[in-house]
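Visitor: One structure is given below, represented as structure tokens, and several questions about it will come after.
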Amino acid sequence: MLHALEVFALRIYMAIFKVVTALMPFKWPRMFEGTGSSLELIRHMADAGHRNVLVVTDAVLVKLGVLDKMKAELDAQGVKYVVYDGVEPNPTVEQIEAGYRMLMENGCQAILAVGGGSPIDAAKMIGARAKNNKPVLKLTGLLRVHKGMIPLFAVPTTAGTGAEVTIAAVVSDTENKRKVAAMDIRLLPTAAALDGSLMTGLPAHITSATGMDALTHAVEAFVSRNAMKKTDEKALEATQLIMKYLETAVADGNNLEARQKMARASHLAGIAFTQAGVGYVHGIAHKFGALYHTPHGLANAIVMPHVLDYSLPNCADRLAILARACGIGDKGADDVHLARAFIARIREMNAKFGIPTQLAALKAADIPAVAKSAIAEARFTYAVPRFMNQRVAESVIKNLLPTNT
């Protein structure tokens, strides 16, 4: 473990960070919810005077026709638009630059982001790039988007990242094989729509991975030492919704109630972790994404039980609260038993969804670098319940090695 003095210093730093976060002037986006809310968002955007828009999305959504009704509504509202569909999972600097060039060449004044976390993150960075006139990597880090971004309207098509209410945008730096994030309250969209009807066509494996991503956000926010009453309320409700509706959404992708409830859960979890932070699950998952291009939600789902096992001695009471709220475990059990039951439930869900217990791409030789990166990401950013040192982090990650390695 870390030296006691170092732990004390980090705790003091994170306590100060918590106070600063609580005082930050978050300007949450105006929200539209329910079937057809994506079209309502477009009407709102048009009423606000945005008549030349860059639509940022991915090629799959375009091919599936997910944007068809929205494009028809843009036409009906007299809004000129151009579609940039070059965003791929874990958007790269090059993809963001390509979108920025399209925005500038077409004189677009606002952005409509449609998709999962990758298109929304890319849209944030395109908007920030346009307003700040700086290279993408110069905008990454804490509070470096000094001039904000051009107006951004977000329509999430997966229930996982909560990107419509996060102050972060993750970028893949392919040259240095790493993922970096811009974190700034000025990256919050102007408005967003939670339209569960857009999610009904999602395959089961994407539904499960993104749903477990949202659960990771809620759980890590709840056990964070920077958790506050307002984040606890949202993380708790998000966890309850996910435990109740995710299996239904996976089993019956056309169940509109389950889709809408999961969209709300993702949204609430996004608000919670934006203020309370996440932890080592994300630190490790980010490196898996950078090294092996592992989808973020899948990486979080694989890593979460292992990190919670390690963190349990310092957050059993918090995990027990989640267990009781979700009806997991014996009501009369003590906190430790309930915490273990909650982690066991996560493992059961992963197994039911076909999410592996290990990462097939993980190489033993990469573990020290993964551990070092996760520790560095968390050290001055996440108020984790229990710190890791290099040796401990490596031992946790080794549990994810394929058994035939």
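The values are calculated or read from the model by the stated rules, or taken from the named source; none is laboratory data. Everything numeric here is computed off the predicted structure, so don't read it as measured data. Using ideal geometry, Cβ is built from the backbone for each residue, glycine included, and neighbour counts are taken over all protein chains shown. Surface accessibility is based on the protein's heavy atoms, side chains included, excluding ligands, DNA and RNA. Shrake-Rupley method; radii C 1.70, N 1.55, O 1.52, S 1.80 Å.
Visitor: With A76, A15, A4, A22 as the choices, which residue is open to solvent by 60 Å² or more (accessible area, probe 1.4 Å) and either in contact with a strand residue (DSSP E or B) (Cβ under 6 Å, 6 or more places away or on another chain) or modelled with pLDDT under 90 (or both)?
Guide: That would be A4, the only listed residue that is open to solvent by 60 Å² or more (accessible area, probe 1.4 Å) and either in contact with a strand residue (DSSP E or B) (Cβ under 6 Å, 6 or more places away or on another chain) or modelled with pLDDT under 90 (or both).
Visitor: Quick one: which residue in A351, A361 is within 25 Å of T403 (Cα to Cα), open to solvent by less than 80 Å² (accessible area, probe 1.4 Å) and out of contact with any Leu (no Cβ under 8 Å at 6 or more places or on another chain)?
Guide: Result: A351 is the single residue among A351, A361 that is within 25 Å of T403 (Cα to Cα), open to solvent by less than 80 Å² (accessible area, probe 1.4 Å) and out of contact with any Leu (no Cβ under 8 Å at 6 or more places or on another chain).
Visitor: Right, next: Which residue out of G148, G162 is buried (at least 24 other Cβ atoms within 10 Å of the Cβ) and either under 30 Å from I42 (Cβ atoms) or charged (D, E, K, R) (or both)?
Guide: G162
Visitor: Now, a different point. If only one of I150, I206 is assigned to a helix (DSSP H, G or I) and aliphatic (A, V, I, L, M), which one is it?
Guide: I206
Visitor: Now, a different point. How many residues, within the range 348-384, are in contact (Cβ under 8 Å) with a residue 60 or more places away in the chain and outside any helix (DSSP H, G or I)?
Guide: Number satisfying all stated conditions: 10.
Visitor: Right, something else. Select from the range 178-194 the residues that are more than 11 Å from H286 (Cα to Cα) and either open to solvent by 10 Å² or more (accessible area, probe 1.4 Å) or part of a helix (DSSP H, G or I) (or both) and list them in ascending order.
Guide: Within the range 178-194, M183, I185, R186, L187, L188, T190 qualify.
Visitor: Do we find that I346 is closer than 26 Å to F387 by Cβ and either aromatic (F, W, Y) or within 17 Å of the chain's Cα centre (by Cα) (or both) in this structure? Walk me through how you get there before you give the answer.
Guide: Details: closer than 26 Å to F387 by Cβ: yes; either aromatic (F, W, Y) or within 17 Å of the chain's Cα centre (by Cα) (or both): no.
In short, no.
Visitor: Then there is this: Among the listed residues E73, E94, identify the single one that is under 23 Å from A263 (Cβ atoms) and of a type in the set (D, E).
Guide: E73
Visitor: Let me ask something else about it. Looking at A290, A249, A299, which is the one that is within 26 Å of V171 (Cβ to Cβ) and in contact with a Lys or Arg (Cβ under 7 Å, 6 or more places away or on another chain)?
Guide: The match here is A290.
Visitor: Please determine, by comparing only the residues of the range 101-118 that are out of contact with any Leu (no Cβ under 8 Å at 6 or more places or on another chain) and crowded, with 21+ Cβ neighbours inside 10 Å, which one is farthest from G160 (Cα to Cα).
Guide: The qualifying residue farthest from G160 (Cα to Cα) is S118.
Visitor: Also, quick follow-up: Please list, ordered by residue number, the strands (runs of 3 or more DSSP E) wholly in the range 25-110 having 2 or more residues that are closer than 19 Å to A159 by Cα and among the acidic types (D, E). I'd like the intermediate steps shown before the answer.
Guide: Working: elements: 30-33, 52-56, 80-84.
So the answer is none; nothing clears 2.
Visitor: Which of the residues that make up the range 165-177 are assigned to a loop (DSSP other than H, G, I, E, B) and either open to solvent by less than 30 Å² (accessible area, probe 1.4 Å) or among the charged types (D, E, K, R) (or both)? Quick ask: steps written out before the conclusion?
Guide: Going residue by residue through the range 165-177, those that are assigned to a loop (DSSP other than H, G, I, E, B) are 166-167, 174-177.
Hits for the range 165-177 are T166, I167, E175, K177.
Visitor: Read through the list (1) part of a loop (DSSP other than H, G, I, E, B); (2) open to solvent by less than 50 Å² (accessible area, probe 1.4 Å); (3) among the β-branched types (V, I, T), then give the number of the only condition that V396 fails.
Guide: Among (1) part of a loop (DSSP other than H, G, I, E, B); (2) open to solvent by less than 50 Å² (accessible area, probe 1.4 Å); (3) among the β-branched types (V, I, T), V396 violates only (1).
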